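Student: Pasting a structure below so you can have a look.
The values are calculated or read from the model by the stated rules, or taken from the named source; none is laboratory data. This structure is a prediction, so every number in the text was calculated from the model and none was measured. All Cβ positions, even for glycine, are placed from backbone atoms using ideal geometry, and neighbour counts span all protein chains on display. Protein only, heavy atoms only, side chains kept; ligands, DNA and RNA dropped before computing areas. Shrake-Rupley method; radii C 1.70, N 1.55, O 1.52, S 1.80 Å.
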Amino acid sequence: MTPREFLGSAAVPGGQELMLYRRGGDFMIVLDRNELMSSRMSGSEKALALMTIERLAGRKAPHLLIGGYGMGFTLRAALGVLGQDARITLAELVPEIIDWARGPMAELADGCLDDPRVDLLMGDVVPVIAAGRACYDAILLDVDNGPDGLTAAANDRLYSATGLAAARAALTPGGILAVWSAGSDDAFTRRLASAGFAVDEVAVRARDNGKGPRHVIWFAQKR
């Protein structure tokens with residue numbers, strides 16, 4: 001087996017340490033013993049973008065907020081189907097994630113961070129959402145393994161009743177809050193409904209070929 005090569009580490013503000021590895025042509029970002037993301041499994045991250053944009057069909061010049069760059073699969077999938085009039089605000093908390101995208105994973109990034117439709121904000125997505133008032137057609141969140149603040153305890157603010165109310169206020173009428181998760185969470189589904197969203201919970205496979213673990217995406221439409 002090809003050995004795993006350590007490429008770097010990054011401290012998550014208020015959380016633990018991320019580590020970047022490469023094995024052959026594959027990259028992995030690991031938290032403790034959890035493999036948070038891998039270049040081998042990108043299907044559900046792409047689905048986060050594609051299935052959200054499908055739900056925005058017909059909107060002119062849509063403005064999307066993406067929380068978390070990860071390995072860029074969601075961002076690149078969105079850019080691949082959105083028109084030139086679209087805007088994407090990308091909030092990334094960990095500077096090294098962007099350094100890795102521009103460094104060892106530059107080929108994987110494929111220039112997406114330099115697309116003129118992308119506005120990169122370095123920092124927590126929580127205050128970005130809180131500052132928004134009916135300005136985003138969709139908010140896409142992939143900053144944890146689910147609605148439990150795994151990478152940083154402060155991320156729990158995103159998934160609380162207060163955080164969901166802020167997200168709803170930041171969305172345009174009928175806008176979509178899309179949240180990626182490694183698994184289902186009935187309590188979170190109930191919180192979404194209580195916050196004034198029409199909720200569609202969808203299971204998606206981790207790999208592009210329809211195989212691999214089942215992940216979950218909540219598509220919560222502002223009522």
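Student: Relative contact order for segment 1-102: what is it in percent, counting Cα pairs under 8 Å that are at least 6 residues apart?
Tutor: Across segment 1-102, relative contact order equals 22 percent.
Student: Which value, in Å to one decimal place, does the Kirkwood hydrodynamic radius take for segment 1-102 when every pair of different Cα atoms is included?
Tutor: Computed over Cα pairs of segment 1-102, the Kirkwood hydrodynamic radius comes out at 15.0 Å.
Student: Please work out the FRET efficiency for the pair Glu54 and Ala134, using the Cβ-Cβ distance as r and a Förster radius of 30 Å; give the result to the nearest 0.05.
Tutor: 0.85
Student: Binning at 10 angstrom from zero up to the longest distance, how are the C-alpha pair distances of the chain distributed in percent?
Tutor: Reading upward from the zero bin: 8, 36, 39, 15, 2, 0.
Student: For segment 160-219, taking Cα atoms only, what is the radius of gyration to one decimal and the Dmax to the nearest whole Å?
Tutor: 12.7, 37
Student: A further question follows. In Å, what Rg and Dmax follow from the Cα atoms of segment 46-106?
Tutor: Reported Rg and Dmax, both Å: 12.3, 38.
Student: Relative contact order for the chain using alpha-carbon pairs under 8 Å, separation at least 6, rounded to a whole percent?
Tutor: Relative contact order comes out at 19 percent.
Student: What's the carbon and sulfur percent of the chain's accessible surface, probe 1.4 angstrom, rounded to a whole number?
Tutor: Its accessible area is 50 percent carbon and sulfur atoms.
Student: Same structure again: Apply the a/c threshold of 1.5 to the C-alpha gyration tensor of segment 91-223 and tell me whether it is rounded, prolate or oblate.
Tutor: Oblate.
Student: Provide the per residue accessible area, probe 1.4 Å, for the chain, rounded to a whole number of square angstrom.
Tutor: About 45 Å² of surface per residue is accessible.
Student: Please state the shape class of segment 55-161: rounded when a/c is under 1.5, otherwise prolate if a/b exceeds b/c and oblate if not, all from the C-alpha gyration tensor.
Tutor: In terms of gyration-tensor shape, oblate.
Student: For segment 177-218 and segment 76-113, compute the distance between their C-alpha centroids and round to whole Å.
Tutor: 23
Student: Moving on to the next point. With the contact rule set at Cα under 8 Å and sequence spacing of 6 or more, what percent relative contact order holds for segment 110-223?
Tutor: Contact order relative to length: 25 percent.
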